[in-house]
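Rule-based calculations on the coordinates, nothing more; no lab input. The structure displayed is predicted, hence computed values, not measured ones. Virtual Cβ from ideal backbone geometry, glycine too; neighbours counted across all protein chains shown.
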Amino acid sequence: MAQTLLQTRGLTKQYGSFAALNEVSLDLQKGDIYGLIGRNGAGKTTFFKCVMGLAKPTAGEIEIAGSKSGLNAARRRVGFMISPSFFPYLNPKQNLEYFCRVKGVRDGGETDRLLRLVGLDGVKKPFKTFSLGMKQRLGLAGAMLGKPPIVVLDEPINGLDPQGIADIRAVIQQENRERGTTFIVSSHILSELDLVATRFGFIEQGSLVQEITRADLHERTKKSLIVDVDDGEKALLVLQSKWGLPAAKRDGNRITLEAHFDPPGAIAHALVTEGVALYRLAPQETTLEEYFMHLIGGI
Amino acid sequence: MLRYLRGEIYRLLRKKSFYIYFGAFALGYVILAFIRMGSSGERQMLKDAESLFMFLPPVVGSYLFAAIYTDDLHAKNLPALIGFGVGRIRIVLSKLLLMSLFGTVLLALVPLFMYAVHTVFGASPTGAVFGEVYAWGLKALMETVAFASLSAVAVYGLQRATFGIAVYLLLSLGVVSQLLSALFRWEAVHELLPGLAEHLMAGISLRMLMGLMGNGAVVLPAVEYAVYVTVAAALAALAFHKKELEF
């Protein structure tokens, strides 16, 4: 059975009458790269702020590495980057060494290893002169300082160029694979999360709408078939009478056959035989973005 | 808390402007002593100490206060510390300790530096003069730490560096003290609570200085001072505890 490293139960954060988080119950299991997906203002950062002790939840429970009380001590086992926060006058090595002391990490080459990992080794200039990409890289190194078993990353690829995005993805995957580090990553660049995450949580208006594994997600987003005809109502009746297809959806003269129902030859034959003019029969894979939008009712 | 203190000392000692700032002051003092060459002596050293330590809380103290307290706000470092499990009360107490530590080191070094400069330029101050210089230094140190602990309430409550520094400057330049003294001299207040002005920080530190020079009690102003700093630290911790941290 997978070990749960971070768990929230009914986590709620109210600002007056506005619920930034509404009874969020989330499980982060050992070895996960958990993609937390939500629109701007959906509650991702508030969730992280509550978990990291930066905001006091109105209600609910947080358990980190099996500890519900003494969360401050448990948080020492969590590395995080919500926004890269470093002293502007220190260089990257000095900034990491500062945090080594604060976290009680015996360096032993740890800062050099991390700086190499994120491509900042040998950089002597102070943090204030860094580009956004360099700041994000140092933020990632800071989050992984001391080899914490859990790393929280809020929008780690914001503002990065394609190479920077690929580099950060590679670092996350490498640390996950080689050290078993568990990540919880939020981003609204869903195509990127799709490449890296092993589990997904969809958050909307402060509520966790769904948690799903990568395998289950891909099962659900597997190919569907778009059928464009001259008479959608008749075509749907034909298809349902022949194959059932309770998940088939009709939008005017377009029918979408979900759940990888995919015998195009048989469908074309059945429709034409029943006198329905077939204009287009196209397989289509739902992207993570479309799945998310569909889930939250955006489309 | 020790880990955090170690980190902070590491950071402060690697801040280049720290050395530039104090180096410039030291150089300025040496140049001044050079210009006045020949007039160096015990009396001059005492006069210097009085002037120097009068400026220490607003000029040097404000730099120390900004470096210790408000750099965290500029760097958005407080959320990172709390996220790493450093408690808010520990942060407040550590900052107070750091301010006291750096202030004390400064207090220890400034009279030695003055002694060295005056010796180079021909004076040989006695132990009694040296003691008096340290007493003035202690007064300045007490004020610096107390003003910092009071300003910390603004730093942690408002999370704005500018407000924190502004409050520190208003306190250390005596603006708040002048306003309160004027209020306490107001007849209605004076009749109700006579001698209230003596219990402002300037009054407490002056009584402490007098006490150290053998002209009064030391214990009472020391207790008053401890209450001042403790209450201010408690208020800062309370303000910080209630504050949600933004990035």
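Would you mind calculating the relative contact order of the stretch A:61-122 from Cα pairs under 8 angstrom and at least 6 residues apart, reporting the percent as a whole number?
Reported relative contact order: 20 percent.
For a quick check, take a GNM of chain B with Cα springs below 10 Å and name the residue from B:Glu143, B:Glu187, B:Glu198 with the largest mean-square fluctuation.
Residue with maximal mean-square fluctuation among B:Glu143, B:Glu187, B:Glu198: B:Glu187.
Could you pull the Cα extents of the stretch B:1-80 along its three principal axes, largest to smallest, in whole Å?
54, 22, 21
What is the average number of partner chain Cβ atoms found within 10 Å of a Cβ in A:142-154?
If you average over the peptide's residues, the count of other-chain Cβ atoms is 1.
Do the alpha carbons of any pairs in B:Lys76/B:Lys243; B:Lys95/B:Lys242; A:Lys103/B:Lys243; A:Lys49/B:Lys242; A:Lys56/A:Lys147 sit beyond 21 Å of each other, and which pairs?
Where the Cα-Cα span goes over 21 Å, the pairs concerned are A:Lys103/B:Lys243; A:Lys56/A:Lys147.
Along each of its three principal axes, how wide is the spread of alpha-carbon positions in the stretch A:222-295, in whole angstrom units, largest first?
36, 22, 21
With θ taken as phi - 60° and the coefficients 6.51, -1.76 and 1.60, list the Karplus ³J(HN,Hα) couplings across the stretch A:203-218 in order, rounded to whole Hz; mark glycine and proline as x.
10, 8, 6, x, 10, 7, 6, 7, 10, 8, 7, 4, 5, 5, 4, 5
Can you pull the mean other chain C-beta count within 10 Å for peptide A:53-64?
2
If each residue's Cβ is checked for other Cβ atoms within 10 Å, how do B:Phe240, A:Phe18 rank with the fewest at the top?
Ordered by Cβ neighbours within 10 Å, fewest first: A:Phe18, B:Phe240.
How many percent of all Cα-Cα pairs in the stretch B:11-154 sit more than 19 Å apart?
56
For the stretch A:61-201, what is the percent of antiparallel DSSP beta bridges, rounded to the nearest 5?
10
How large is the direction-averaged shadow of the alpha-carbon convex hull of the stretch A:61-145, in nm²?
6.0
Taking 8 Å as the Cα distance limit and 6 or more residues as the minimum spacing, I'd like the relative contact order of chain B as a percentage.
26
Taking H as built 1.01 Å from N, whose amide H comes closer than 5 Å to the amide H of A:Gln29, not counting residues under 5 places away?
A:Leu5
Can you tell me the relative contact order of chain A? Whole percent, Cα pairs under 8 Å, sequence separation 6 or more.
20
Dividing the Cα convex hull volume of chain A by residue count, how many Å³ per residue is that?
Given the Cα convex hull of chain A, per-residue volume reads 163 Å³.
How long are the semi-axes of the equivalent ellipsoid of the stretch A:61-109, defined as square roots of 5 times the Cα gyration tensor eigenvalues? Whole Å, largest first.
Each semi-axis is the square root of five times an eigenvalue, giving 26, 14, 8 Å.
List the residues, sorted by chain then number, that are 5 or more residues from A:Glu155 or on another chain and whose placed amide H is less than 5 Å from its amide H.
When sequence neighbours closer than 5 places are left aside, the close amide H contacts are A:Ser186, A:Ser187.
State, to one decimal in nm², a quarter of the convex hull surface area for the C-alpha atoms of the protein assembly as shown, i.e. the direction-averaged projected area.
For the protein assembly as shown, averaging the hull's shadow over all directions gives 35.0 nm².
Report the semi-axes of the equivalent ellipsoid for the stretch B:72-208 in whole Å, largest first, where each axis is √(5λ) for an eigenvalue λ of the Cα gyration tensor.
One finds semi-axes of 31, 27, 12 Å for the stretch B:72-208.
Grab the DSSP H runs of chain B that are 4 residues or longer, score each as -39,500 (n - 2.57), total them, divide by all residues and round the 222 nm result to the nearest 500 deg cm²/dmol.
For chain B, the value works out to -25500 deg cm²/dmol.
Sorted by packing (mean other beta-carbon atoms within 10 Å per residue), highest first, where do A:27-37, A:176-186 land?
Most protected by this proxy first, the peptides run A:27-37, A:176-186.
Rounded to whole Hz and in sequence order, give me ³J(HN,Hα) for the stretch B:204-209 from the Karplus expression 6.51 cos²θ - 1.76 cosθ + 1.60, θ = phi - 60°, writing x for Gly and Pro.
Residue by residue, the stretch B:204-209 yields 4, 5, 5, 5, 5, 4 Hz.
Which residue, B:Gly216, B:Gly127, B:Gly157, tops the fluctuation ranking in a GNM of chain B built on C-alpha contacts under 10 Å?
Judging by the Gaussian network model, the answer is B:Gly127.
As a check on your grasp of the helix formula, calculate [θ] at 222 nm for chain A: sum -39500 (n - 2.57) over DSSP H runs of n ≥ 4, divide by the residue count, round to the nearest 500.
Computed mean residue ellipticity for chain A: -10500 deg cm²/dmol.
Of all beta bridges DSSP finds with both residues in the protein assembly as shown, what is the antiparallel percent, to the nearest 5?
65
Ratio to report: Rg/Rh of the stretch B:2-242, with Cα atoms as the point set and Rh obtained by the Kirkwood method; give two decimals.
With Rg and the Kirkwood Rh in hand, the quotient comes to 1.00.
What average count of beta carbons from other chains do you get within 10 Å of the Cβ of residues in B:4-14?
For peptide B:4-14, the averaged partner shielding equals 4.
Starting with the fewest neighbours, write out A:Tyr15, B:Tyr4 ranked by other beta-carbon atoms found within 10 Å of each beta-carbon.
A:Tyr15, B:Tyr4
Under the √(5λ) rule applied to the eigenvalues of the Cα gyration tensor, what semi-axes describe the equivalent ellipsoid of the stretch A:19-59? Give them in Å, descending.
18, 13, 10
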